[in-house]
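Below is one structure; the comments refer to it alone.
Each reported figure results from applying straightforward, stated rules to the coordinates on display, with no laboratory input. No experiment lies behind these values; they were computed from the predicted model shown. Backbone-built Cβ (ideal geometry, glycine too); neighbour counts: all protein chains shown.
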Amino acid sequence: MFAFALFLLGFVVSAVAVRYAIIAAHRFGVVDKPGGHKAHDTVTPFVGGVGVLAATLCGAALVEHFYNLFDARLYAFVLGILTMWVTGFSDDILNISFKIRLVIQAAVGLAMVYWGGVALHDLGYLASSTEVVSLGVIGVPLTLIATMGAINALNMIDGIDGLSGSISIVSLLLIAFAVFMAGDTAHFSLILVIAGGVAGFLYHNLRYLNRRRARCFLGDNGSMQLGFIFAWLLTDFSQAGDVTPRAITPITTLWLFAVPLIDTLCVMLRRIWMGRSPFHADRNHLHHLFLRAGFRVQDTVLVLAFVQLCFGAIGLGGMYAGADELTMLFAFIGAFALCFYILLRPWRLVPLLRRVNRLLGFTSAHAVGVHLSGLTADEFAGVSEVLNRNICPYADFRFSVYRPDSAAPGESYGVIELLCDDQDLSHAQVSRIITSLRREIRGQRSVKVRQFVDRKPSHDRRHAGKQKPIERRQGERRSPRRGTLIYRMESAAGEPSVIAKKPTMSSVMNESVARL
């Protein structure tokens with residue numbers, strides 16, 4: 001109950017702060033405008049970091065009042081967070097140079113080391129079980145690199161609604177668990193309030209229920225702030241103090257920050273492999289590949305947050321099970337090498353992710369309707385009544401029946417296309433239609449109901465116009481034509497009337513398009 005109260009405190013403080021920050025951002029024009037490489041289509045405030053900052057400051061004041069254990073360290077922590085928030089907010093508004101950002105991040109890292117006393121002194125028991133691998137004079141430079149890397153890794157993965165926040169809250173809760181197991185109540189309380197603050201931001205940022213877009217973005221002010229928090233916490237808890245033992249091993253920190261770390265390193269190494277600058281922006285991050293494969297934004301967030309949970313659970317599980325730290329390091333390197341090998345060839349990964357999407361039962365973001373197969377031409381007429389009962393009340397649709405050019409007598413298939421301008425709404429309708437149709441035709445084993453995905457070059461990596469020869473398909477296995485149209489029905493939402501027609505052969509040929 002105590003832990004829940006702390007989490008709820010952070011949630012309420014953050015949610016309220018973000019709510020008023022959104023109002024102020026619209027009033028003063030501090031918003032992210034669509035255009036360029038940005039995927040959103042409306043002006044959106046980038047004030048999510050305000051909520052995280054408010055919750056973090058509230059948590060810091062709380063632990064300072066009740067525990068009084070942090071003294072100068074707490075002030076260095078708060079200063080670093082405020083500096084990162086101001087720097088990120090300035091970048092959101094003015095788009096400052098990355099060189100200036102790196103200098104400020106390095107300065108914050110130095111304050112963390114020399115004022116806060118948080119630095120990497122050793123790498124744990126990698127060489128033997130009795131002696132740690134001391135870093136000596138390279139400890140401070142390595143701390144600065146790790147701090148700057150964590151800040152920018154979380155910033156780079158912040159590409160779609162809810163992703164960086166969801167991954168952050170998973171990692172924060174895992175860290176809180178490790179700190180609780182170590183008996184550090186003060187830091188446990190602080191982390192729970194921060195995690196609640198991230199949840200308060202996600203309340204305005206995630207797509208859930210009928211919400212089709214985020215009310216605000218995390219912005220660089222939020223992602224850089226959270227990156228610094230992770231750098232501080234993971235560094236601090238992985239090192240043994242004068243009187244306190246380490247809560248996690250240095251190798252476990254890699255597992256607790258696995259998804260942002262692996263994604264950033266893989267993308268940058270791939271750019272170098274392709275002869276480009278590692279800082280050259282592209283759309284080959286993990287979340288970009290998931291979206292290209294047809295995952296919806298909310299499904300992508302769910303899957304990657306679960307992946308982070310699995311990585312963190314493996315790291316903590318190995319640590320508590322007493323696994324050798326060198327073995328855990330090699331295991332992480334192996335996981336990273338596998339991810340890099342897969343991400344090196346995104347045109348191979350995307351089709352695999354499409355199959356994973358279907359296996360998980362998610363609705364593809366590219367789905368525009370439903371495909372029916374396994375019924376005879378005569379039986380499709382009866383399907384029209386089923387569609388009127390299940391679709392007509394709430395959606396405009398077109399039901400077409402085709403006979404393949406080389407089909408056996410009586411063989412045909414049907415396509416239900418939703419005539420909807422709002423793609424997010426059609427996703428929900430596709431799932432509802434598939435469920436209702438499967439319920440109606442239960443018992444007919446030959447009938448197959450699946451999503452209908454419009455064939456477009458953007459949906460197939462190998463169809464892109466400017467790809468290298470290795471990325472192109474040698475031959476097309478699928479016919480560019482649907483076949484002969486033998487039946488069509490169109491219906492408007494809420495209208496009982498149905499228009500059915502059997503077109504002539506010439507009109508069928510004119511309507512043939514390259515789909516499926």
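Temperature 4 °C, viscosity 1.567 mPa s: under these conditions the Stokes-Einstein estimate for the range 1-145, based on its Kirkwood radius over C-alpha pairs, is 71 µm² per second.
Highest average first, the peptides 117-128, 80-91 ordered by how many other beta carbon atoms sit within 10 Å of their residues are 80-91, 117-128. Taking 0.36 nm per residue of separation and subtracting the Cα-Cα distance, full extension of the segment from Val356 to Cys310 would add 14.8 nm. Computed over the range 2-359, relative contact order equals 23 percent, with contacts defined as Cα pairs under 8 Å that lie 6+ residues apart.
The mean of 1/r over all pairs of different alpha-carbon atoms in the range 2-359, once inverted, gives a Kirkwood hydrodynamic radius of 20.7 Å. In this rough spin-label picture, where each label sits 7 Å from Cα along the Cβ direction, the Thr327-Met274 distance is 3.9 nm. The residues Lys448, Lys33, when put in order of fewest to most other Cβ atoms within 10 Å, stand as Lys33, Lys448. Peptides 169-178, 182-191, 19-28 ranked from most to least packed by the mean count of surrounding Cβ atoms within 10 Å: 169-178, 182-191, 19-28. Using the Cβ-Cβ distance between Ala106 and Arg212 with R0 = 56 Å, the FRET efficiency computed as 1/(1 + (r/R0)^6) comes to roughly 0.90. With both labels modelled 7 Å from their Cα along Cα-to-Cβ, the Tyr320 to Thr42 distance reads 4.3 nm.
Each of Tyr114 and Ala3 was given a label point 7 Å from its Cα along the Cα-to-Cβ line. The distance between the two points is 3.9 nm.
Determine, from the Cβ-Cβ distance of Val12 and Arg389 and an R0 of 30 Å, the FRET efficiency 1/(1 + (r/R0)^6), rounded to the nearest 0.05. Approximately 0.10, to the nearest 0.05. Taking packing as the residue-averaged number of other Cβ atoms within 10 angstrom, the listed peptides 1-12, 247-258, 275-286 run from highest to lowest as 247-258, 1-12, 275-286. Maximal additional length on extending the Ala72-His26 stretch stands at 12.8 nm, based on 0.36 nm per residue less the C-alpha distance.
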